[in-house]
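Read the structure below first, then the notes.
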Amino acid sequence: MTKADLVELVAARVHLTKKDTEVVIDSILDSISRALSSKDDGKVELRGFGSFRVRERRARQGRNPQSGAAVQVPPKRVPFFKPGKELKALVDS
Amino acid sequence: MTKADIASIVANKGLTKKQAMEAVEATLDILKEALKKGEKIQLVGFGSFQVRAKRARKGRNPQTGKGITIAARKVLKFKPGKALHLVVNAGG
């Protein structure tokens, strides 16, 4: 399923135009992204669906697999999704 | 941030609060329905959701030390998209 498919299905269900629905879906995804990027309250909890959080990865010593040279990998933040109980059960049904 | 917070941001796009909440719920419902069918969802820029099958494996109850079999199951995996990765690492 792509975003276009999602827009079409949501539009049919809530009786909005496809154009309006696309604005809505972009706004949902954008607000999740923004929430995750903020340093303080970096989490989004969607009841019945799951939660998005950011996990910190420490800097580590890596290696260029091609040249074998050691490289320093900087610390980074990784978006992480944890499915809720309901969604977990649904997927495994 | 919760569903209600997202709905109020969505409402700023010219919908009523009620319409916005309905649209948010409908979006999540449709995603759930697709995942239930095992469909992969790819939202460019945001990320993708995919159902993956895990094989059964032998585990151990860490409390009793007893060996147990963990049944095969399906789990949901989210892979963040490039744009989301960049936003999260921009340090806002």
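May I ask you to list pairs of residues, at least six apart or on different chains, whose Cβ atoms are under 7 Å apart, with the first in region A:3-24 being without any contact (Cβ under 8 Å) to a residue 40 or more places away in the chain and the second being of a type in the set (K, R)? Qualifying pairs under 7 Å: A:V7/A:K18; A:E8/A:K18; A:A11/A:K18; A:V23/B:K13; A:V24/B:K13.
Residues in region B:60-72 that are more than 22 Å from A:K82 (Cα to Cα) and assigned to a strand (DSSP E or B) were compared, and the one that is least open to solvent (accessible area, probe 1.4 Å) is B:G67. Within region A:46-58, restricting attention to residues that are modelled with pLDDT of 95 or more and facing chain B (nearest Cβ under 7 Å), which residue is farthest from B:A7 (Cα to Cα)? For region A:46-58, the residue satisfying everything is A:F49. On inspection, B:G38 does not qualify as part of a loop (DSSP other than H, G, I, E, B), touching a Gly at 6+ places or on another chain (Cβ under 6 Å) and surrounded by 12 or more Cβ atoms within 10 Å (Cβ to Cβ). The C-beta contact set for region B:66-92 (first residue facing another protein chain (nearest Cβ under 9 Å) and over 17 Å from A:R53 (Cβ atoms), second residue in a strand (DSSP E or B) and of a type in the set (G, A, S), distance under 6 angstrom, 6+ apart or interchain) comprises B:K74/B:A53.
Quick check: is even one residue across region A:45-53 of a type outside the set (D, E), open to solvent by 30 Å² or more (accessible area, probe 1.4 Å) and in contact (Cβ under 8 Å) with a residue 12 or more places away in the chain? The answer is yes, given that some residue of region A:45-53 is of a type outside the set (D, E), open to solvent by 30 Å² or more (accessible area, probe 1.4 Å) and in contact (Cβ under 8 Å) with a residue 12 or more places away in the chain.
Looking only at residues in region B:1-35 that are in a loop (DSSP other than H, G, I, E, B) and closer than 16 Å to A:E22 by Cβ, the one that is nearest to the other protein chains (Cβ to nearest Cβ) is B:K13.
Of the set (1) within 20 Å of the chain's Cα centre (by Cα); (2) of a type in the set (K, R); (3) within 8 Å of chain B (Cβ to nearest Cβ), all apply to A:K85 but (3). If the condition is being open to solvent by 70 Å² or more (accessible area, probe 1.4 Å) and touching a Lys or Arg at 6+ places or on another chain (Cβ under 6 Å), then region B:73-92 contributes B:R73, B:K77.
The values are calculated or read from the model by the stated rules, or taken from the named source; none is laboratory data. Model, not experiment: these values are computed from the prediction. So basically every Cβ, Gly included, is an ideal-geometry build from the backbone, and we count neighbours across all protein chains shown. When the accessible area is computed, the model is the full protein with side chains, heavy atoms only, and any ligands, DNA or RNA have been set aside. Shrake-Rupley method; radii C 1.70, N 1.55, O 1.52, S 1.80 Å.
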